[in-house]
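The values are calculated or read from the model by the stated rules, or taken from the named source; none is laboratory data. Treat the numbers as computed from the prediction; the structure is a model and nothing was measured. Note: ideal-geometry Cβ built from the backbone for every residue, glycine included; neighbour counts use all protein chains shown.
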Amino acid sequence: MPETFQYQNKTQKYYSLGELTGSIRKVIAKTYTSAYWVKTEIAKLNFYPYSGHCYPDLVEKQNNKVVAQIRATIWSGTYDIISNKFRQITGETLSEGMNVLLLVRVVYHEQHGLSLNIVDIEPSFTLGEMAREKQHSIEKLKKEGLFDKNRQLEFPLIPKNIAVISVETSKGYHDFLNILQNNRYGYYFEHMLFPALLQGDGAVKSIVQQCKEIAKRADQFDVVVIIRGGGGDVGLSAYDHYNLAKEVAGFPLPVLTGIGHATNETVSEMVAFANKITPTDVAYFLIEKFEQFHALVYNLEERLEKESRQLLTRRMEALDGFAATFNQKVKFLVEQNKGKLQLYQSTVKSLAMNFMTRQKSNLIEIITHLQYKPATVVLHEKERIDHLNEMLLMLTKQKLENKRLALDHLETKLTLLKPENILKRGYSITRFEGKALKDAAQVKAGDTLVTLLSGGKIESTITKTHKK
């Protein structure tokens, strides 16, 4: 019952919070008497393994914006039934981000407020939503021209360097390595693990991130392998996600998948270069590529050996044929030219005899000439020498006369150049201190000079000098 209090001279009724919330609970209980099917998205799952209870946050979005939100509960017994049912039908575990159809009851509690109590789930609805999203991803990839892009890449002849996206503790990963490392042919593979979540809420983001890391080092690898072991068809919805499928389709290296299921091929598997059911199938596929290359090399080796032998045989046969033809032609040419050779031999012999006869006549003529020629030559040379002697004597006399005349001329000139003869022509010689004076600068006033004349000498004293 409400109580009253005085407020500004008025009597005001009031209720306790418990009374109000209790009233709300009763109204809601009377109004929402049935269970209702609700389409919603699980924003947060909030599952507590210790108690087994689950407290999902449910939302409705329009254009990626939340337009409605409410808390919900799934009690442990109900959660086991719902989750097992959902997993059996969809192949997935309940997880965040899923669109689901839930059977709920509206509950209001005075302490915990308004919430929805989830009592059942319709997995086929989620399955349809997943199928629609899968088809949407396929259509979008085809529209963008990416759907077949990875399958169109050229697969390496020897896929030796492998980038592996998996979990280190995964049985599938260890089976994969065991097959590769213990193959019966002894083929050697290099691999590097890029650990990622392979199922659940964070699988798409984790795998895409590792793909981008590998792409930065694409030159170090030949192929990329995405493998997981166990789990069957559980947790495969991540591989239908557009972001992951787009990353696989557009990857610069061939991508091989082995995520452990035989039905319901995911979009990522569709766009990968090759899809194998299990990690061991992927390993055998890689070994098979080595075997194919080995077989190719072996076949080429056999073909090369065979064709080399055939070529050698053909060449030997051709060489034998050529040798036989050559011998035959040589014999024919010898027989053909044998008569010519004999004719040439006779001609050469005749020419040689004629040449020797002519040379013999020339030799006799030379000998005869040499018998009489020396006397004539000696006589002629004697006459020439006598003539030369006469010419030499005459020229010597003439030369001596010319030299004598030249000497007489020189003697006359020397006589004229004697000092006494020069003085007779009016010249004089001035001496200072016994030496001929050549320059006025050699003497000064007061010096005594001696002047030689034709008729004697004069001594004089310098009173003044004049430079030229």
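Structure data summary
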read-out	value
Segment 188-224, residues that are out of contact with any Pro (no Cβ under 7 Å at 6 or more places or on another chain), assigned to a helix (DSSP H, G or I) and of a type in the set (A, V, I, L, M, F, W, C)	Ala203, Val204, Ile207, Val208, Cys211, Ile214
Test result for Tyr173, in contact with a helix residue (DSSP H, G or I) (Cβ under 9 Å, 6 or more places away or on another chain), crowded, with 16+ Cβ neighbours inside 10 Å, assigned by TED's automatic domain parsing to the domain that holds Met270 and of a type in the set (Phe, Trp, Tyr)	yes
In segment 118-135, residue nearest to the chain's Cα centre (by Cα) [restricted to those that are surrounded by fewer than 17 Cβ atoms within 10 Å (Cβ to Cβ), outside any strand (DSSP E or B) and touching a residue at least 40 places away in the same chain (Cβ under 8 Å)]	Glu133
Candidates Val255, Val248, Val297 - the one that is closer than 27 Å to Gln152 by Cα, aliphatic (A, V, I, L, M) and surrounded by fewer than 18 Cβ atoms within 10 Å (Cβ to Cβ)	Val297
Test: residue in segment 298-313 that is more than 32 Å from the chain's Cα centre (by Cα) and assigned to a loop (DSSP other than H, G, I, E, B)	no
Residue in segment 78-91 that is within 16 Å of Asn243 (Cβ to Cβ) and within 55 Å of the chain's Cα centre (by Cα) present	no
Elements of type strands (runs of 3 or more DSSP E) contained in segment 44-109, each with 1 or more residues being on the phi > 0 side of the Ramachandran plot and free of Cβ contacts under 8 Å to residues at least 40 places away in the same chain	none
Some residue of segment 108-117 being farther than 30 Å from Lys26 by Cβ and surrounded by fewer than 15 Cβ atoms within 10 Å (Cβ to Cβ)	no
Strands (runs of 3 or more DSSP E) enclosed by segment 350-468 - at least 1 residues per element that are without any contact (Cβ under 8 Å) to a residue 12 or more places away in the chain and more than 60 Å from the chain's Cα centre (by Cα)	456-461
Residue selected from segment 149-172 under the condition at pLDDT below 90 and of a type outside the set (A, V, I, L, M), by the criterion farthest from Leu286 (Cα to Cα)	Thr169
Qualifying residues in segment 136-156 (those that are closer than 13 Å to Phe273 by Cβ and polar (S, T, N, Q)) - the one surrounded by the most Cβ atoms within 10 Å (Cβ to Cβ)	Asn150
Any pair with Cβ under 7 angstrom, 6 or more apart, that starts in segment 203-216 at a residue that is aliphatic (A, V, I, L, M) and ends at one that is part of a helix (DSSP H, G or I)	Ala203/Ala238; Val204/Ala238; Val204/Asn243; Val204/Leu244; Ile207/Leu244; Val208/Asn243; Val208/Leu244; Val208/Glu247
